1. Show the residues, 5+ positions off or on another chain, whose built amide H is closer than 5 Å to the amide H of B:Thr196.
2. Tell me, what is the per residue accessible area of chain A in Å², probe radius 1.4 Å?
3. Quick one: divide the alpha-carbon radius of gyration of the range B:41-197 by 2.2 N^0.38 Å and tell me what you get.
4. Taking 0.36 nm per intervening residue step and subtracting the Cα-Cα distance, what contour gain separates A:Gln87 from A:Glu11 on full extension?
5. Whole-Hz ³J(HN,Hα) for each residue in the range A:126-139, computed from phi via Karplus 6.51 cos²θ - 1.76 cosθ + 1.60 with θ = phi - 60°, x for glycine and proline: what do you get?
6. What is the average number of partner chain Cβ atoms found within 10 Å of a Cβ in B:19-28?
7. Along the charge dipole of the range B:1-125, which of B:Thr56, B:Gln88, B:Ile71 sits closest to the positive end, that is, farthest toward it, with unit charges on the beta carbon of Lys, Arg, Asp and Glu (+1, +1, -1, -1)?
8. If R₀ is 22 angstrom, what is the calculated FRET efficiency for the pair B:Glu32 and B:Asn157, using the beta carbon separation as r and rounding to 0.05?
2 protein chains.
Amino acid sequence: MTTERLKRQIEFIIEVDKIKQIYRKNFVIGSERHETDAEHSWHLAIMAMLLAEHVTSQQVDVLKVLKMVLIHDIVEIDAGDTYCFDQQAGLDKDERETKAADRLFGLLPDDQAQEFRSLWEEFEQRVSPEACLADALDRLQPLLLHYHTQGKSWQLNNITSNKVKERNKRTAAIATELGRLVDEVIQDSIKKGYLTE
Amino acid sequence: MTTERLKRQIEFIIEVDKIKQIYRKNFVIGSERHETDAEHSWHLAIMAMLLAEHVTSQQVDVLKVLKMVLIHDIVEIDAGDTYCFDQQAGLDKDERETKAADRLFGLLPDDQAQEFRSLWEEFEQRVSPEACLADALDRLQPLLLHYHTQGKSWQLNNITSNKVKERNKRTAAIATELGRLVDEVIQDSIKKGYLTE
Ligand SMILES: [Ca+2]
């Protein structure tokens, strides 16, 4: 017989399969399909492995960044994907996500529930270099996908360059080089007509 | 201007978006859709975070396991998903995947190309506890998904319990408790008629 602890771990692992059915606003490159939260989280993890070195003037704990990006959207299983430019939906986002965190992380053995919960809170509050990097990647990844899908989702949702700049404004502070990349991608998106000024 | 190094990193990050279009044999739970390699890799990473503690009689480096499962299927962008029960396709799998690794990891700056390449080789060769755990999870995850989709993909592909047992036979050696779980899931799948004996 498997232990109660393993049972709870497996129950959580099965429950979070649902993240594969949470679709985001952006598209997969070269496809008509929207990206899922699981795919997005995987992509952030790859980015973290490669780009953590660009964090300016401090070392980051890559293991922590990976854990953070891997779990950061699990709450959306209950709370749904709140489109970052939807002000209305943003109003009760915190409440919905906190309830989701209670239920979902609560499936785990207590120590692991606590670990996941505090990783998620740290990410949300951006209180550490790891959280700031995770947050910057969470904004850079859709920017790159929008750029490589000719701004299709920006156009469908009437997003202008000011909004995109605002959304990525903190990146330069955590990683100068990534901030430069953000500027270049936005400028080129405007130039190519993917994004209106 | 962004550096040449960052340009190569971003080129790789964009290229691997294609893993979201590599579909596996198994289904997402509660869906008619096949799982993508990106989703599968994300799921393995969550499992690694939670289940690494079950590795028997040695400590594993969780960061290494995470990196390994996150990148283990990137070669399938060029080589395709080789169905584990397809003996014919298995014949030239190594050759196809080695070529894919050359091209894909070769997009990265040399040091990172080398890191990803050796992580992938270590995974393939199962020469460390980290690789053995990653490999066991890579077999356990589809087993769990098959079980929770009533064995639909097993039936569609005429897979019998012997093949599933064979495929998961190494798990007990790396983690006794996970080996027990494998046995229970297979037994219950037979009992429920998901899998033929
Ligand atoms: Ca594979």
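The values are calculated or read from the model by the stated rules, or taken from the named source; none is laboratory data. Nothing here was measured: the structure is a model prediction, and the numbers come from that model. Quick reminder, even Gly has a Cβ in these numbers, built from the backbone with ideal geometry, and neighbours come from all protein chains shown. The protein model used for the area step is the full one, side chains on, heavy atoms only, and it has no ligands, DNA or RNA in it. Shrake-Rupley method; radii C 1.70, N 1.55, O 1.52, S 1.80 Å.
1. When sequence neighbours closer than 5 places are left aside, the close amide H contacts are B:Ser161.
2. Details: 8370 Å² over 197 residues.
Spelled out: the 1.4 Å probe surface of chain A, per residue, equals 42 Å².
3. Normalised Cα radius of gyration, the range B:41-197: 1.08.
4. The A:Gln87-A:Glu11 span can extend by a further 23.9 nm.
5. Computed from phi, the couplings for the range A:126-139 are 6, 9, 9, x, 4, 5, 5, 5, 4, 5, 5, 5, 5, 9 Hz.
6. 3
7. The residue sitting most towards the positive pole is B:Ile71.
8. Values: r = 16 Å, r/R0 = 0.74.
After rounding to 0.05, the efficiency reads 0.85.
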